[in-house]
Each structure stands twice: as structure tokens, then as C-alpha cells.
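Accompanying notes for the structure given below.
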């Protein structure tokens, strides 16, 4: 397959591509890349991992070098190698994908879209099991946030392509979802606080606050700030109504138009690198989403980022006031950071 030309030629299986490399060249490539897959980062047995590693030809007919030259070879695990030879392109997507969309999306996003188009609304675990790419449930969830918030990530896009059903917890193409989670006000206190905190992180980063300052204010990892930013773009929580006091009315929510906040392009390259490594991060999910039935794979338990004892401390009548107190503290801290900048 020729990637540089953008045209698909003869498809070789991973085994056929792998078998064309002689043992000496294979050992040289393994040493060159330290027995580590150059896509997902998994290691082979020689370095304490479990991945089966394949030597992959970057080009089948390269210019200015031999097909088996080291410059034309890289190292992939079996699952990434298989995906590379079978990956979907924007032309395979069930919805129109623009060049600007492609600056945010990854090839596995197209596979997720194709699965949703074929299978209909589905839970995160079912999607992870159904796509050809070897992704964890948490990695699929992160990509679903990106797809759901694409209209907030791409300036030229004016509508969603993926949504989540607030009643069933299933993801689907927008026309497949009856009860949109976009702008929804959760009843669960922890989830409500998560939505508010996510939106404050997004607003702080959009205003130009340094990511390291946001990390310190909210006491979360760097990866978690990226996930909060993606999740905020996906759910588009109406935080302004809470800053005024009280929940927004139905009319206020209906007047709120999607896609009004654009994310900054800073850290884009770093986020692409994080997305390329779908390994579980202990605090990557923040607080647990609790809609619908239990996922196929268990959700992460709330970490110390959560306000300890929220369920006990927040009464049914005073929950909103308690949450506003916690959020106001975070807002004031961010305002101090922003003023220093």
C-alpha cells in the first residue's frame, strides 16, 4: 500500500509484509526500536511485554532507497499492523468528513462511525468489541467524546455527528439518538460536579491559562485536563446558568446554541500523541458517568480528584448550593491564575 500518494494499491496481509524481511534485518529493526510498537507503545517479550512484533514496510516501492532499507522499515505490534493494513479512510465514513475534521480525528474514529452506522446505538464496551482496531474501553470512550464534541473542536463544523442518549447511555449517530446528552443537567451530584468542573477547565484553557496552572488548581494529571477538555466539548454543559445561581430553565437551555466555544489549538500535537497510545490511565476518566446500565467493562472508581464524601455531605435540598460552593472555590482560584497571566 502506498501511503504517500494517498492511493490504495495492493493490500498485503501483516503476515505477508512480515515474512518478506530476513531474520538479520528483523533483529536490526527490533534493536533500532527497542522491541516497542511505534504506534501503541506495547513491548515485546524481550523487554518484558506480551506483544507480538512485526516489521512493517513504510513504502512498498520507495524512492531513493531499497524496499528493505532501515529507513523504510518500522516496528508494529500484530494488532496495530493488522489495523494499519485494513484501516478506514474518511471516504469510508457514513457522514461527511472534511479536511478540517481530519486535523482532529484519527483513523479509528472512522471505524467507530462505521460501527455505529451499521449496528445502531451501542454501549461503550460493545463498540470497543465491535471495531477492528484493538482499543480499550477507556480509549474508545475518549474518542467518542471527540466525535460528540467535533462541532466544538472544529470551527467550520456547525453540528454534531455523534451523540449520547441520556436515558440509555448508548452512543450513536445524531439521527439515532432520541434523548441528547448535550447540555443535560445530571441529577447525580458527583456527575453534576464533574460536568461543571470540566467546563471550567475548558473555559480556562480557552482563555489562554497555562495548562500547568490548571493542573495545579484542580490537582489532576496532565492527561486528565485533556480528557476534561474533550468531555466538556462533548457535553457542552450550561455552566453560565449556575454562575448566575440556580439551574437553567428549559427555555434557557433551548436558546443555547451548540458550537459556540472554540478550543485553542495549543497542545494539539501533544494530544494527538496521547490519543495514539490507548493505555488505561488511572485518573484519565475523572469521575464516573452513571447513566443507564453498567458498561461491559467496569468504569473507573472516583479518584481523590472527587470531593470526598459528596454523597453524604450533599443533602437532597441543599445539593445545588453545596456544589456551587465547591465550584466557586475553583472559579476563584482560576481567576487568580488568569489575573497573574
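Details
- Test: residue in the range 137-158 that is over 22 Å from residue 229 (Cβ atoms) and surrounded by fewer than 18 Cβ atoms within 10 Å (Cβ to Cβ): no
- Unique residue being under 17 Å from the mean Cα position of the chain (by Cα), farther than 18 Å from residue 116 by Cα and in contact (Cβ under 8 Å) with a residue 12 or more places away in the chain when the list is 191, 147, 153: 153
- Selected residue (criterion: modelled with the lowest pLDDT) from residues of the range 19-37 that are out of contact with any helix residue (DSSP H, G or I) (no Cβ under 8 Å at 6 or more places or on another chain) and outside any helix (DSSP H, G or I): 20
- Hits in the range 46-68 (condition: surrounded by fewer than 13 Cβ atoms within 10 Å (Cβ to Cβ) and under 19 Å from residue 23 (Cβ atoms)): 46, 66
The values are calculated or read from the model by the stated rules, or taken from the named source; none is laboratory data. All values reported here derive from a predicted model rather than from experimental measurement. We place every Cβ from the backbone using ideal geometry, glycine too, and count neighbours over all the protein chains shown.
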